[in-house]
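The values are calculated or read from the model by the stated rules, or taken from the named source; none is laboratory data. Model, not experiment: these values are computed from the prediction. We place every Cβ from the backbone using ideal geometry, glycine too, and count neighbours over all the protein chains shown.
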Amino acid sequence: MMDVESTINGFKTILKAEPYENLRDVLRRNGFTSVKKGCDVGGCGACTVIVDDKAVYSCCLLAGWADGRSITTLEGLAAGGSIDLIQKKFIEKGAAQCGFCTPGFIMMGKYIVEHKKNASETEVRKALAGNLCRCTGYAKIVEAVMATMQEGGSK
Amino acid sequence: MSQVAVEKVTEVAVGKRLPKIDARAKVTGEAEYGLDIHLPGQLVGKILRSPFQHARILKVNTAKARALPGVRAVITGEDIPVRYTFNFAEFEDGRTTPPEAAGGESALRGLMPPPRADKHPLARGKVRFVGDEIAAVAAVDEDTAIRALSLIEVEYDPLPAVTEIDEALKPKAPLVHDEIKDNLAAHLHGTWGDFDGALKESDHVFEDSFSTQHQHQACMETHGCICKWDSEGNLTMWAGVQTPHTIRLELSKVLDMPESKIRLISKYVGGAFGSKNELEPFMIICSQLARASRAPVSLILSREEEFMATGCRHPYRVTVRTGLKKTGEIMAREVKILVDKGAYMCQGAAVAFFAICYPSASLYKPKAVRFDAKIIYTNKQPPSAYRGFGNPQASFAIESQMDMIAERLGLDPVKFRLLNANRPGDITAHGFKMPQSTALTECIERAVDAIGWYEKKQHPIPNRGLGLACLIHSTGERGAYGNIEGSSCTLKVNDDGSVTIFAGTQDLGTGAWTVLAQICADSLGVKFEEIRVVAGDTDLPAFDLGAYASRSTFTGGNAVRIAASKMKEDIFSLASELLHLPASDLDISSSVVYSKSRPETKVTLREVAKYAYYGAGKPKNLITVGVYDTPSTLIDPRTGMWKEPGPSIAYTFACHAAEVEVNPETGRVKVINLVAAHDVGKVINPTTAEGQIEGAALHGLGLALWEDMRIEKGVTLVKDFRDYFILRAPDMPPVKVIFVEKNDPNGPFGAKGIAEAALVPVAPAIANAVADAIKARVTSLPLTPEKVLNTLK
């Protein structure tokens, strides 16, 4: 086991990880269970987190890579009890059905609203192409991301 | 059979786009799924699976695996008694599958062999498909468990495999199950009405054949469970499933222990679509690993295992023969189905029977019907239930043929369907009575209108095409388990005046619990925000058969209405003591009880509750139970038909219309527009109802265009989402949802089911649109560019 020193959701944290372990499994083991496991190969997007302002598949990165970096998981969005605007929009638009893919979509959506502020619906759909949902047909997820953008982005 | 008190109530919550009651848990990541559960001392379970399609197991040596530090249990087929052999249809006391219900001197007698258990949780003697379970381990962590699997030595004697149905039916074919001499798992055949007479009266008879592929549910959460035994021999299982009570029933039979000693907890389910509604081998295996290791064991399937060894849709080969009058009136329909069953029966017979009873025998009400379905064992992974339950395969055949017939006879496909459309009060050849809410005609008219059918037909664009397809489906299905189509709940007004519904109903992400709360709010006159739903646990004071057959809103909702109606009486009785007014003068709205004659005289529900629990001076509480069973019927064993209304009380209808563009160079199909008009009765929550249709469209489009598990020579080639393409956000065309709200007299506030129905018409509507675009017909799904291009040439 090695020590991985990261900032997770604003807190300096030391994660214990084997050199071969992926970031998703280490985050999950440390209680960040919003980071879901839908596959192991970057095929579904359920494990999407934000690392240093980039949305990434945490299953495809070695945990050690996160050393010295800043990680935001879904748990970090509702810090302090009040939820983020994008979470509110997911509730309002009915964007979560079974909810399993939802954490990944919200993290990707947060990245989109912060980094592609004037994206069209087509561009939003393209940006969401790395996240799979089997319940919704995406319409309400796209609506939620667009609505968040129109109301001024995150928070 | 129970009657729902029909009373006039104001609709405040019903019909509104209210947020789902579990939405906050889902958007914050608080919702706990199977893989998120971690109990103290929990071990990791893993399964060793067969690399062969068909092989005798000569020896399984587990000594090295057992010796590995960190391994706590290793089990093989020899460690699990023979009586643990199971099958979905085995439990005659808990379940009546069609032939059992028919039984005796039935016209359907001999329809299929008696149900037989054909699946042992861990293979004994031989393996029958690539992925068949052989042995399992429990270890302190995943790495150790995987290493232990690699140390298990299995000696196989490979046998010739039979992986295609044509081969399986040949006289000297290898036998998947040695005792089944013709590989015929089941053979369903029969006739309803005077088939030969109806054929004689027909002016035209057409016969066409179609085929469909293996499609996987591909839930975002893979299958899995956690098992824990206590020292008194009670088993607790956490598993995201559709049917906690009936899976427990099956598990209790297999483990030979009382149902009440098993507690199944299923709070959040990461997608199901039919794949999580029956007992699975991994559940039994996990329970045995937990017993052997005397520790909680978590057994979660990998994505690769999910694709190679769970569920999926049965591939069908369907031949439809239809007899019609010159006018286009449908007289007779014969359907022959060949089902690739894979290695084990699962729900194969029930799925085929549904395909026969619904689209084949009911859509456009042929006067007589003949059917013949052969369910054939092969050395492949076994398909089972998948949203639509046989209806998508058969509807693809029937609705494709409708357009082929229209073209041959020069009929307008819209008018041809309208002429034959089911209408309220119609009775089918096998005795299904169409409800008063039947609105197929309106669905066709509105779908055609919304897609701009006739304008576009007048101004055709090259390479573009229009197609439509209709649907009949059930709301609930009597006969799936015993003689019941019911649900129950317990309602409690808490001492602060808020309300808790303890529901048997499962919510797979559909919004069923939200819908129950909305129904409760308006039935009881309380605020929606003050209602909580506690469900997904067999230890709760509630029962339900499960979330399948599009039944939850209807049966669960009616149970809530009944409980609420009783609750109102109790509330008014207590409030009348507080207000010194007769109970008959009282009503309740927004959690306030008031006098109808003098509305300013009122008392809050909170005050009534406080009085009930602390001040009435006599034992009193505010707890009621609602039990509902639909007035549906079982098949009549003497006639082989149903007495009215048949297995469902509220059949649902739909018409989908699609516009596509086909690239003549590549054969690629682009869906421009999809319109889905559904007769759903009263819509309780438009947002969740739309979500069902939009989500079903994704599965339907996948079935139509892309999805294929590519099982070649018995080997499932897809392993993850890089091989198995489900539609992504940019791939989805706009889906226009139209609700034709014709209230059903038996539904809660007039509602009917929706979940499965919306998937079914998509593929045939797309296929018909493609045929219109390329002026040629592809008769097998999916409509890949290759097939389209070959048909064009």
Condition met for B:LYS228 (more than 30 Å from B:ARG56 (Cβ to Cβ), touching a Phe, Trp or Tyr at 6+ places or on another chain (Cβ under 9 Å) and modelled with pLDDT under 95): no
Is there a residue being at positive phi, small (Gly, Ala, Ser) and touching a residue at least 40 places away in the same chain (Cβ under 8 Å) anywhere in the range B:202-211? no
May I ask you to verify whether B:ALA542 is over 30 Å from B:SER395 (Cβ atoms), assigned to a helix (DSSP H, G or I) and touching a strand residue (DSSP E or B) at 6+ places or on another chain (Cβ under 9 Å)? no
Can you work out which of the residues in the range A:111-126 that are touching a residue at least 12 places away in the same chain (Cβ under 8 Å) and either in contact with a Gly (Cβ under 9 Å, 6 or more places away or on another chain) or among the hydroxyl-bearing types (Ser, Thr, Tyr) (or both) is nearest to the other protein chains (Cβ to nearest Cβ)? A:VAL124
So in the range B:40-63, with the set limited to residues that are touching a Ser or Thr at 6+ places or on another chain (Cβ under 8 Å) and away from chain A (no Cβ under 14 Å), which one is farthest from B:THR716 (Cα to Cα)? B:LEU43
With the requirement that a residue be small (Gly, Ala, Ser) and exposed (fewer than 15 other Cβ atoms within 10 Å of the Cβ), what does the range B:32-69 give you? B:GLY41, B:ALA63, B:ALA67
Test for A:GLY81: is it part of a loop (DSSP other than H, G, I, E, B), without any contact (Cβ under 8 Å) to a residue 24 or more places away in the chain, within 10 Å of chain B (Cβ to nearest Cβ) and not β-branched (Val, Ile, Thr): no
So B:TYR358 ticks every box in (1) closer than 21 Å to B:PHE129 by Cα; (2) hydroxyl-bearing (Ser, Thr, Tyr); (3) assigned to a helix (DSSP H, G or I) but one. Which box is left unticked? (1)
Residue check, B:ASP143 against (1) more than 25 Å from B:LYS126 (Cβ to Cβ); (2) touching a residue at least 24 places away in the same chain (Cβ under 8 Å); (3) surrounded by fewer than 20 Cβ atoms within 10 Å (Cβ to Cβ); (4) among the acidic types (Asp, Glu), all met but one. Which one? (2)
Of the residues in the range A:89-106 that are more than 7 Å from every other protein chain (Cβ to nearest Cβ) and of a type in the set (D, E, K, R), the one that is farthest from A:ILE71 (Cα to Cα) is A:LYS93
Considering only the range B:243-265, state which residues are in contact (Cβ under 8 Å) with a residue 12 or more places away in the chain, surrounded by fewer than 24 Cβ atoms within 10 Å (Cβ to Cβ) and polar (S, T, N, Q). none
Yes or no: B:PRO733 assigned to a loop (DSSP other than H, G, I, E, B) and within 14 Å of another protein chain (Cβ to nearest Cβ)? yes
Hey, among B:SER275, B:SER287, which residue is surrounded by 22 or more Cβ atoms within 10 Å (Cβ to Cβ), modelled with pLDDT of 95 or more and within 14 Å of another protein chain (Cβ to nearest Cβ)? B:SER275
Which members of the range B:696-722 meet the condition of being without any contact (Cβ under 8 Å) to a residue 24 or more places away in the chain and either among the small types (Gly, Ala, Ser) or within 13 Å of chain A (Cβ to nearest Cβ) (or both)? B:ARG722
